[in-house]
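A short worksheet on the structure shown next.
The values are calculated or read from the model by the stated rules, or taken from the named source; none is laboratory data. Values in this document were obtained by computation on a predicted structure and should not be read as measured data. Please note: Cβ atoms are built from the backbone with ideal geometry, for glycine as well, and neighbour counts cover all protein chains shown.
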Amino acid sequence: MSTSDSPATEPSTTPSSSNGTPLLELRNVTKRFGPVQALSRISFDVPPGKVTALAGDNGAGKSVTIKTISGLWPADEGELVWEGNPVRFHGPRDAEAAGITTIYQDLALADNLDIVQNMFLGHEPLERGLLDEAKMETTAKDTLKELSVRTNRSIRQPVASLSGGQRQSVAVAKAVMAKAKLVIMDEPTAALGVSQTRTVLALIKRLASQGVAVMVVSHNLNDVFAVADHVVILYLGNMVAQGPVTDFDPSTVVDYMTTGRSTRTVDHSAVPRSAGQEEG
């Protein structure tokens with residue numbers, strides 16, 4: 001956990017970046033819904049080309065945090081700093097235009113359309129007033145190849161016929177094609193099998209290796225330790241710990257998630273190794 005002179009059991013509330021200027025900074029972000037304070041002075045950084053895991057139990061404020069970042073809800077207090085400049089998004093379109101793509105659990109894919117059509121949905125290129133199908137197919141193929149996605153039979157395969165892991169791959173490829181600088185993934189491996197989870201974790205690491213910042217919201221600590229470079233932990237709307245993933249083990253993360261504090265000494269031998277980690 002990033003601390004200065006504080007003991008190891010006291011989490012840092014001061015964001016830090018070891019990679020120069022952060023891509024995104026949250027500075028004392030507070031969000032209320034009537035009398036309910038969903039977030040209280042949340043501060044952390046998201047560096048480019050790294051995976052930041054946002055962890056917390058149900059009701060901790062994870063969804064409110066990502067929806068505030070993605071422009072769905074404005075912060076009541078505090079500010080977002082994007083690429084060094086304070087910003088205020090007035091809706092998801094503003095966030096997307098800046099380079100922030102959020103992939104929610106439902107993935108927002110149209111089952112009745114094929115892979116190419118989904119990847120270009122709402123952004124179809126035209127040639128003399130007609131869809132430029134050739135350009136769409138070539139760009140889709142190149143993007144999937146760039147991400148090493150080879151599990152689809154055909155790029156004209158209906159999305160309804162894809163597995164959960166393949167659908168995640170299409171959603172990520174769509175974000176990459178839109179030149180996203182930050183991809184937020186909400187529970188990306190929920191309800192996936194072992195093989196599909198391995199595929200998605202490898203895809204997350206590949207995104208980061210290409211310089212894209214990735215924020216992963218997950219309850220699955222195996223996934224967190226497989227791909228994350230940095231961990232931010234929320235408890236009842238407060239940020240109670242953050243730091244490099246090497247500063248934590250599953251037990252300390254669970255402590256912070258469930259009680260807001262931990263007095264344990266980190267046991268590095270208890271950190272799980274997953275197939276996604278070994279592939280990296």
For this session: Name the residue, out of R156, R167, that is touching an Asp or Glu at 6+ places or on another chain (Cβ under 6 Å) and either of a type outside the set (G, A, S) or surrounded by 21 or more Cβ atoms within 10 Å (Cβ to Cβ) (or both).
Result: R156
Exercise. Can you find even one residue in the range 85-96 that is over 21 Å from T52 (Cβ atoms), in contact with a Leu (Cβ under 8 Å, 6 or more places away or on another chain) and touching a residue at least 12 places away in the same chain (Cβ under 8 Å)?
Worked result: yes
For this session: Quick one: count up the residues across the range 232-263 that are crowded, with 16+ Cβ neighbours inside 10 Å, part of a loop (DSSP other than H, G, I, E, B) and touching a Ser or Thr at 6+ places or on another chain (Cβ under 6 Å).
Result: 2
For this session: Answer with yes or no whether R206 is touching a helix residue (DSSP H, G or I) at 6+ places or on another chain (Cβ under 7 Å), under 25 Å from I115 (Cβ atoms), of a type outside the set (A, V, I, L, M, F, W, C) and not in a strand (DSSP E or B).
Result: no
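Conditions (1) over 30 Å from A134 (Cα atoms); (2) of a type outside the set (K, R); (3) modelled with pLDDT under 90, marked per residue:
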position: N152; (1), (2), (3): no, yes, yes
position: P158; (1), (2), (3): no, yes, no
position: G165; (1), (2), (3): no, yes, yes
position: A202; (1), (2), (3): no, yes, no
position: A208; (1), (2), (3): no, yes, no
position: G211; (1), (2), (3): no, yes, no
position: V216; (1), (2), (3): yes, yes, no
position: D223; (1), (2), (3): yes, yes, no
position: A226; (1), (2), (3): yes, yes, no
For this session: Give T52, T30, T68 a once-over and let me know the one that is among the polar types (S, T, N, Q), outside any strand (DSSP E or B) and assigned by TED's automatic domain parsing to the domain that holds D247.
Result: T68
Exercise. Mind checking whether some residue in the range 98-116 is at pLDDT 90 or above, of a type in the set (S, T, N, Q) and surrounded by 22 or more Cβ atoms within 10 Å (Cβ to Cβ)?
Worked result: yes
Exercise. When both residues are 6+ apart or on different chains and their Cβ atoms are under 6 Å apart, which pairs have a first residue that lies in the range 141-161 and is in contact (Cβ under 8 Å) with a residue 40 or more places away in the chain, and a second that is surrounded by fewer than 13 Cβ atoms within 10 Å (Cβ to Cβ)?
Worked result: V159/D111; A160/D111
For this session: Determine whether the range 71-82 contains at least one residue that is under 30 Å from S154 (Cα atoms) and modelled with pLDDT under 95.
Result: no
Problem set entry | Where V271 falls short, out of the listed (1) surrounded by fewer than 22 Cβ atoms within 10 Å (Cβ to Cβ); (2) within 20 Å of P22 (Cβ to Cβ) | (2)
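Answer yes or no as to whether D229 is surrounded by fewer than 23 Cβ atoms within 10 Å (Cβ to Cβ) and either touching a strand residue (DSSP E or B) at 6+ places or on another chain (Cβ under 9 Å) or among the aliphatic types (A, V, I, L, M) (or both).
yes
Suppose we filter G211, G129 for residues that are in the same structural domain as V81 (by TED's automatic domain parsing) and either closer than 24 Å to F89 by Cβ or surrounded by fewer than 21 Cβ atoms within 10 Å (Cβ to Cβ) (or both); which single one remains?
Sole residue among the options that is in the same structural domain as V81 (by TED's automatic domain parsing) and either closer than 24 Å to F89 by Cβ or surrounded by fewer than 21 Cβ atoms within 10 Å (Cβ to Cβ) (or both): G211.
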